[in-house]
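Please read the structure below before turning to the comments.
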Amino acid sequence: MAGYAPSAKIELQNKPVQEIAEGGGDVVPERYIHREISGAGSFDATLPYMDCAPIDLQLLSSSSPNRQEELDKLRSALHSWGCFQVVNHGMPASSMGKMREAGKQFFALPMEEKRKYSRPVDDLEGYGHDTFVSEDRILDWTDRLYLLAFPEERRRLKFWPEKPPLLREKLREYAIKSQEILELVLNAMALSLGLEEKSFLKQYGENGMIFARFNFYPRCPRPDCILGIKQHSDGSAVTIVLQDEKVEGLQVLKDDQWFKVPIIPDALFINAGDQVEIMSNGIFKSPVHRVVTNSESERLSVAMFCTPDPENEIGPSDELITDDRRQSYKKVKNYPMIYYHYYELGETPLSSVKI
Ligand code: OGA
Ligand code: NI
């Protein structure tokens, strides 16, 4: 993924968060602490839950008379929240369970085993931690395993852990299913906006890629001022998130208010990424979200970042540019490259392509 590589020259590698956490004690390195939110009660357990009814994927793609109603629900969820939970998605509950298990087993391995898959400084794939380009960039309390998972022939197996054996096999299956879900969701998104069904999928292209990211959040001694992932939107077109089955942590921003994402058994969480915000000319939101930490339980999630063909031009659909709604975004190619550039600087990537 040379085109997306972080800037190796100025990057500093950090210690795995797991090592810091296992060191025990309440003293954490300064670089993880968000001064602006410390003690401000931002991680208040009394935050409201996101109260958006789950969407039935099977109904979205069926010929049932209730389909239109479900498409309307989808449009409304993506317009107001930028995300939704999905049920009847076709991903077997057993695959979801095995993915979590594989992730947990990988992070439980001895450090020297995990290090065999370490991400080189000029690469995106592999086992790694937050990187930063300046001393004042606050770090995230998470370790990750990041792999290009789809299409199969582009996998770089040197980064795919051999242990636990479950991981390679299950991720392969999970990625194929994720691609099916992605296609159904992109088609439903386009239909819900009155567009030709395949119009978003055409922009996404046949050479799109899915990157899998196993996020491991160790227990954190200072959940009052340390974030698992600081607030961001995703650079993908669509992200499919498998949440931990027990431990909450994901939060979404809507109208300047944070909402907790509830755990719904067997549901997947799907959010629009910046590239769907662009394609929909801003009708769909790429939601700002973050992950909070907690001192009692570790948490594992798996995010599948569905990323359009980098050769394709992504832009607002012509039909969505009208007298009432001018074109709000430039056309872009290889958006993740733009995304990483601004993300590293701590800026909002999407702003750079707004008109
Ligand atoms: C991400 C992300 C959410 C989660 O990896 O970009 O937002 O629940 N993850 O871990
Ligand atoms: Ni995210």
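The values are calculated or read from the model by the stated rules, or taken from the named source; none is laboratory data. Note that the structure is predicted; figures quoted are calculated from it, not measured. Counting neighbours? That spans all protein chains shown, and the Cβs are built from the backbone with ideal geometry, glycine included. To get the accessible areas, we keep the full protein, side chains included, count just its heavy atoms, and leave off ligands, DNA and RNA. Shrake-Rupley method; radii C 1.70, N 1.55, O 1.52, S 1.80 Å.
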For the chain: accessible area per residue (Å², 1.4 Å): 43
Share, in percent, of DSSP beta bridges within the chain that are antiparallel, nearest 5: 90
Debye log10 I(q)/I(0) at q = 0.07 Å⁻¹ for the chain, Cα point scatterers: -0.28
In nm, spacing of pseudo-spin labels at I321 and Q58 (7 Å Cα→C-beta vector): 4.1
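Let me spell out the model: positive unit charges on the Cβ of Lys and Arg, negative unit charges on the Cβ of Asp and Glu, origin at the Cα centre of the chain. What dipole size does that give, in debye rounded to 20? Please list the in-between numbers first.
Working: 43 positive and 54 negative charges, 122 e Å.
Roughly 580 debye for the chain.
Relative contact order of the chain: what whole-number percent is it, with Cα pairs under 8 angstrom and at least 6 residues apart?
Details: 717 pairs, mean separation 77.4, N = 355.
This gives 22 percent for the chain.
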Carbon + sulfur, % of accessible area of the chain - ligands and nucleic acids excluded, 1.4 Å: 49
T239 accessible area, assembled protein chains, probe 1.4 Å, Å²: 0
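Tell me, what is the FRET efficiency for A108 and T348 to the nearest 0.05, using R0 = 45 angstrom and their Cβ-Cβ distance as r? Working shown, then result.
Numbers: r = 36 Å, r/R0 = 0.79.
Given R0 = 45 Å and the Cβ-Cβ separation, E is 0.80.
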Positive dipole terminus of the chain, leading residue within G315, L148, Y49 (C-beta point charges): L148
E19/V247 FRET efficiency (R0 22 Å; Cβ-Cβ; nearest 0.05): 0.60
Pair R222, E196: separation of 7 Å Cα→Cβ label points (nm): 5.5
